[in-house]
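The values are calculated or read from the model by the stated rules, or taken from the named source; none is laboratory data. Computed from a predicted structure; not experimentally measured. Virtual Cβ from ideal backbone geometry, glycine too; neighbours counted across all protein chains shown. Just so you know, the surface numbers come from the protein's heavy atoms only, side chains and all, with ligands and any DNA or RNA stripped out. Shrake-Rupley method; radii C 1.70, N 1.55, O 1.52, S 1.80 Å.
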Amino acid sequence: MRIAVEGCCHDELEIIYDVLEHIQHVEDTKIDLLLMCGDFEATRNPDDLMCMAVPAKYRDMKYFYKYYKGEKKAPILTIVIGGNHEASNYMQELPYGGWLAPNIYYLGYAGIVNVGGLRIGGISGIYKGCDYHKGHFEKPPYTDSAMRSCYHTRSLEVFRLKQVYKDVDIMLSHDWPLHAVQAGNKEQLCRYKPHFRDEIMQNTLGSPAAQEVLTHIKPKYWFSAHLHCKYSAVIKHRGKGEDKITKFLALDKCLPKRSFLQVLDLPSSMEPPYKIQLDAEWLVILKNTNHLLNITDSARYMPGVGCKERYDFKVKDAEITKLLEDFGGDLTLPENFQITAQPYDGTSDKRKGRQPMCRVNPQTTLLCQMLGITDPFAVFCGQSNEENPEEINIDSETSDGTQDTSEPEDAGTTTAESDVETVSQESQSIDDSMHDTTSSEQFPTFMHSQSIDENFLHDEASSSNCVEQSTPSRDSCAMDTTKSDQSPIKLSPMMLPSPKVGFDSSCNELSDVPNIQIRKRCSDDGPSKPSSMDVGLDNAGKISNDPVKKFKRRNLAVYSILTNEKTEDSESEPT
């Protein structure tokens with residue numbers, strides 16, 4: 001199964017798909033799946049732009065709205081997570097995941113799915129200690145503060161991911177796990193991103209929340225973005241009777257001369273075409289932990305060792321069997337995308353948007369009904385019967401313990417009549433063709449890609465080049481009182497070469513690395529098959545074959561297709 005991984009998208013969908021089309025055409029191959037590590041920017045219209053926590057000059061309608069309204073269709077099955085630059089009102093409609101557009105699937109606040117026999121998980125947002133233990137209380141229209149806190153990772157999602165015990169192949173996060181930087185070439189990173197040095201030295205660069213998930217799940221691969229540079233590392237986990245490694249890779253954003261895309265081969269137990277399937281273990285965890293959901297801005301600490309409340313939700317086989325019966329034995333994700341907002345017409349003034357009201361998405365409604373779980377937006381809109389008065393409306397009980405049914409003077413949520421924007425007939429009318437995500441023809445596809453050292457992705461690393469991770473005990477109910485403000489990331493135009501960490505130390509040059517197919521430039525004897533090295537992006541982000549606009553050789557990284565063949569110097573990746 002050939003998978004492409006992309007860093008920060010920033011709504012450059014057309015460019016990314018064009019680049020993948022070019023790869024497929026030149027390499028005569030087919031990419032089966034695209035993974036994006038956040039900052040997707042799923043803006044459907046100017047109203048969504050007003051829900052993005054970015055300066056006004058960065059609010060622009062680029063490409064996503066074309067895929068949303070059906071003008072274009074994603075040629076490759078795409079899975080995305082959220083970052084800190086998102087149309088948060090749309091993402092929050094799908095807290096447990098759903099189709100953002102035909103063939104483009106969002107994992108939700110956190111989630112795990114199955115594609116081609118691979119378990120792929122992700123956690124959205126970035127870490128901020130002051131909001132970590134709060135509930136998902138934000139809803140549009142947002143205050144300035146809520147517009148930012150809504151993309152901060154919550155402890156509930158981390159707690160749920162720490163209930164996963166079956167093996168996970170790939171994990172996605174927007175910001176890096178906290179200790180990942182310690183496993184790579186820190187000095188090289190500091191040279192190209194000098195403003196990271198203090199955080200690296202203090203071991204504060206990254207997300208403690210993502211680190212908890214990494215230490216518990218121990219996936220084979222972990223991909224991140226956020227810091228706008230390429231960085232690779234191999235992390236070694238030590239535990240009782242186990243010896244696992246996680247191959248970490250962070251990628252850049254989609255810009256010329258930046259390392260924003262990587263393609264790799266992973267073994268699959270299924271044959272194409274690949275479909276997304278819901279994960280049974282994850283669905284049971286969502287169902288069993290629904291009572292922990294908090295949709296207020298008050299802190300709610302997850303249960304742990306020493307608490308009277310249940311804290312171990314390890315899924316049993318009988319629970320999975322019951323869930324499969326409820327779903328008719330088929331967890332294949334239905335292609336039930338629906339338009340819930342009027343898409344941009346391509347001509348109106350982008351600057352005249354206004355924040356919309358809260359909307360309930362039918363995809364979330366269906367999943368919540370199947371599992372018996374709560375849709376936060378449905379609660380805000382007065383449409384949910386799954387409200388937990390103890391966990392959700394903490395102020396709705398009277399002093400004698402009975403439920404207070406009177407209308408509060410200053411309600412934290414509004415009713416459906418006042419808070420739900422009616423969707424017009426035009427926006428609800430969907431062409432049947434928009435529901436069809438089965439393409440009648442194969443879309444050829446290629447791109448400029450900058451590769452990491454491929455032994456990092458497929459060869460075992462020596463223990464001397466790995467950071468050992470011990471498995472801690474479950475966290476108790478400790479209070480986090482950290483207060484800090486979100487600082488903007490300083491962007492650097494420089495490109496970070498791949499560190500030689502976890503690779504074969506005998507390979508001094510990339511061409512010496514075993515088990516890699518490298519495409520060279522055309523020889524003087526005459527032209528041959530075009531190479532991905534000869535295709536670049538111009539300053540506008542378009543693919544260019546003009547020799548004047550091609551990248552200089554010293555700025556090119558070699559694009560390679562990874563293989564799983566065994567060699568004398570390396571071992572193949574275990575299936």
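What shape does the stretch 15-79 have by the C-alpha gyration tensor, where a ≥ b ≥ c are the square roots of the eigenvalues, rounded means a/c under 1.5, and otherwise prolate means a/b greater than b/c and oblate the rest? It comes out prolate by the Cα gyration axes.
Counting only protein heavy atoms and a probe of 1.4 Å, the accessible surface of the stretch 153-260 is 47% carbon and sulfur.
As an exercise, use a Förster radius of 56 Å and the Cβ-Cβ distance of Asp330 and Val305 to find the FRET efficiency, rounded to the nearest 0.05. Working shown, then result.
Values: r = 38 Å, r/R0 = 0.68.
Computed FRET efficiency for Asp330 and Val305 comes out at 0.90.
Going by average Cβ neighbours within 10 Å, how do the peptides 67-77, 316-326 rank, with the highest at the top? Write down the numbers at each step before the final one.
On the way: 67-77: 19.8, 316-326: 12.4.
By packing density, highest mean first, the sequence is 67-77, 316-326.
Could you order the peptides 295-306, 138-149, 95-106 from most to least packed, using the average number of other C-beta atoms within 10 Å per residue?
Ranked from most to least packed, the peptides come out as 95-106, 138-149, 295-306.
Decide, for the stretch 98-205, between rounded, prolate and oblate: order the square roots of the alpha carbon gyration tensor eigenvalues as a ≥ b ≥ c, take rounded if a/c falls under 1.5, and otherwise choose prolate if a/b is larger than b/c, else oblate. The shape class here is oblate.
Note on Glu14/Gln338: beta-carbon distance plugged into 1/(1 + (r/R0)^6) with R0 of 25 Å gives a FRET efficiency of 0.60. Cβ-Cβ distance of Met270 and Gln182, R₀ of 30 Å, FRET efficiency by 1/(1 + (r/R0)^6): the value works out to about 0.25.
The share of accessible area on the stretch 48-142 that comes from carbon and sulfur is 50 percent, using a 1.4 angstrom probe.
Fully extended, how many nm does the chain gain between His291 and His195 (0.36 nm per residue separation, minus their Cα-Cα distance)?
Values: separation 96, 0.36 × 96 = 34.56 nm, distance 4.21 nm.
30.3 nm is the gain from fully extending His291 to His195.
Relative contact order for the stretch 66-145: 27 percent, from Cα pairs under 8 Å spaced at least 6 residues apart, divided by residue count.
Let me make sure I get this right: for the stretch 19-169, a, b and c are the square roots of the gyration tensor eigenvalues over alpha carbons, sorted descending. Under 1.5 in a/c it's rounded, otherwise prolate if a/b > b/c, else oblate. Which is it? In terms of gyration-tensor shape, oblate. The mean accessible area for residues of the stretch 20-68, using a 1.4 Å probe and ignoring ligands and nucleic acids, is 30 Å² per residue.
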